[in-house]
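Q: Right, I'll just put the structure down here and ask away after.
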Amino acid sequence: MKQPSVVQDSGAAIDLSMVGHVQVELAVQVGTIALSLEKLLALREGEVLSMQEALDAPVTLLLNGKPVARGELMAVEDQLGVRILELA
Amino acid sequence: MVARVLRWQSHKTRQACLAEVARRLEEWAAGWGVASVGASLQGASEEQLETLTWRSFEGAGGAAWLGLPADVVECLGSLVAGVAVPDSAGLAEHLGQKALSALCGSVFGEERSVWQSCDVPAPAELLPRHGGLLVRLELGGEQGLLLLDARAVDAMAPRAPLKRGGLVSWRNAIGPEPVHLTALLHAGKSALSEWKEVRPGDLITLGPLAATRVELASDHQTLGHGQLVAQEGRRAVRLGIGTNDSGAMK
């Protein structure tokens, strides 16, 4: 498959494979929690905070903090994983 | 950098201060037998300020600047002593100095107070926003200016006591405000080329389940960490790592 490319102002094309080495940070947003500041300040170790998302709700994959994909949490033997459901 | 309180004086305060200055001036005049004294609120141009000779006073009750014609000491002394000016013996000047010191004591209530020679008050002192008050004085036929700073005005016309109570602590003020936390699992860094190969259906491993550490963040600020658990049909976080010494979340 031909690699997509961008065109510089000068007219010369840069193949995206040339920036493939750029490091990106991947994170998985597993949920969100809404609580009052008063409650937040009173939290103690061991307390359990419920998220707004159900157990089977999709998670969002973030690339450098931006949402790029959705997936589902998986347990692969003793490993935690994410299976990609949708890509931007 | 000098920080000054913004203190425009109200009309009521200015009138009360003026009345008090006039009262104290009358007392002084009665004690020294000086007729024709008065106080009024009138502005003064820069030129008028420059024509006067200035003296200043600073005490516990504030600061003041007194601007009078250059020959006022002798004139005042001659008025009090009933001698003609010029007075070769210097009696008039001596008495005039005494009368001016007494004026300071009468107006500010400080027995040993004395006026010190000084320059024309700085323009900033004349700005109404700094709470000062410029009073035009008449002393036995001589015209002068008395500038009081905000503290001196307060001493002349005490302000109503500050209302206490009705305040809430910052915790009570903002305690009910909602905070939104994001629960994140960090998968580390990888090359962009690796991500480009990812397709739907692919599985990305994030590490051992037992060691999974969920970060709780608000506006990109990490507040704490915990373990991913389930609670009543929802994903949840058991707080563990990231609490401070008191046990509260960072």
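Every number in this text was worked out from the coordinates using simple rules, so none of it is lab data. The structure displayed is predicted, hence computed values, not measured ones. Because the Cβ atoms are built from the backbone with ideal geometry, glycine has one as well, and the counts that use them run over all protein chains shown.
Q: Please report A:MET51, B:MET1, A:MET74 as a ranked list, fewest other C-beta atoms within 10 angstrom at the top and most at the bottom.
A: B:MET1, A:MET74, A:MET51
Q: With 10 angstrom as the radius, rank B:ASP202, B:ASP149 by how many other C-beta atoms surround their C-beta, starting from the fewest.
A: If I rank by nearby Cβ atoms, fewest first, I get B:ASP202, B:ASP149.
Q: Using only the alpha-carbon atoms, how far is helix B:72-81 inclined from the longest principal axis of chain B? Give it as 0 to 90 degrees, nearest 10.
A: Relative to chain B, helix B:72-81 is tipped by roughly 50 degrees.
Q: Charges only on Cβ, +1 for Lys and Arg, -1 for Asp and Glu: so what's the dipole of the protein assembly as shown about the Cα centre, in debye to the nearest 20?
A: 1000
Q: How high is the relative contact order of chain B, in percent, with contacts defined as C-alpha pairs under 8 Å that are six or more residues apart?
A: Computed over chain B, the figure is 18 percent.
Q: Take every Cα pair under 8 Å in the range A:23-87 that's 6+ residues apart, average their separations, divide by the length, and report that relative contact order as a whole percent.
A: Relative CO of the range A:23-87 lands at 30 percent.
Q: As I understand it, the dipole of chain B uses +1 on the Cβ of Lys and Arg and -1 on the Cβ of Asp and Glu, about the Cα centre. Which of B:LEU162, B:LEU103, B:LEU6 lies farthest toward its positive end?
A: About the Cα centre, the residue reaching furthest to the positive side is B:LEU162.
Q: Once both axes come from the Cα atoms, what is the angle between helix B:91-108 and the longest principal axis of chain B, in degrees from 0 to 90, rounded to 10?
A: Long axis of B:91-108 versus the principal axis of chain B: about 40 degrees.
Q: Fewest to most neighbouring Cβ within 10 Å: what's the order for B:HIS94, B:HIS225, B:HIS220?
A: On the way: B:HIS94 15, B:HIS225 20, B:HIS220 7.
Going from least to most buried by this count: B:HIS220, B:HIS94, B:HIS225.
Q: Can I ask one more? On a 0 to 90 degree scale, rounded to 10, what angle separates helix B:11-32 from the longest Cα axis of chain B?
A: For helix B:11-32, the angle is close to 30 degrees.
Q: What is the ratio of the Cα radius of gyration of the protein assembly as shown to 2.2 N^0.38 Å, where N is its residue count, to two decimals?
A: 1.97
Q: Classify the range A:23-87: rounded, prolate or oblate, from the alpha-carbon gyration tensor (a ≥ b ≥ c, eigenvalue square roots; a/c under 1.5 rounded; otherwise prolate if a/b is larger than b/c)?
A: On the way: a/c = 2.14, a/b = 1.65, b/c = 1.29.
Since a/c reaches 1.5 and a/b is larger than b/c, the shape of the range A:23-87 is classed as prolate.
Q: To continue, here is another question. Quote the relative contact order of the range B:120-214 in percent (integer), defining contacts as alpha-carbon pairs under 8 Å separated by 6+ residues.
A: On the way: 49 pairs, mean separation 15.3, N = 95.
Relative CO of the range B:120-214 lands at 16 percent.
Q: Here's a follow-up. What number of lysine-lysine pairs in the protein assembly as shown show an alpha-carbon separation below 30 angstrom, given a sequence spacing of 8 or more or placement on distinct chains?
A: So the count works out to 10.
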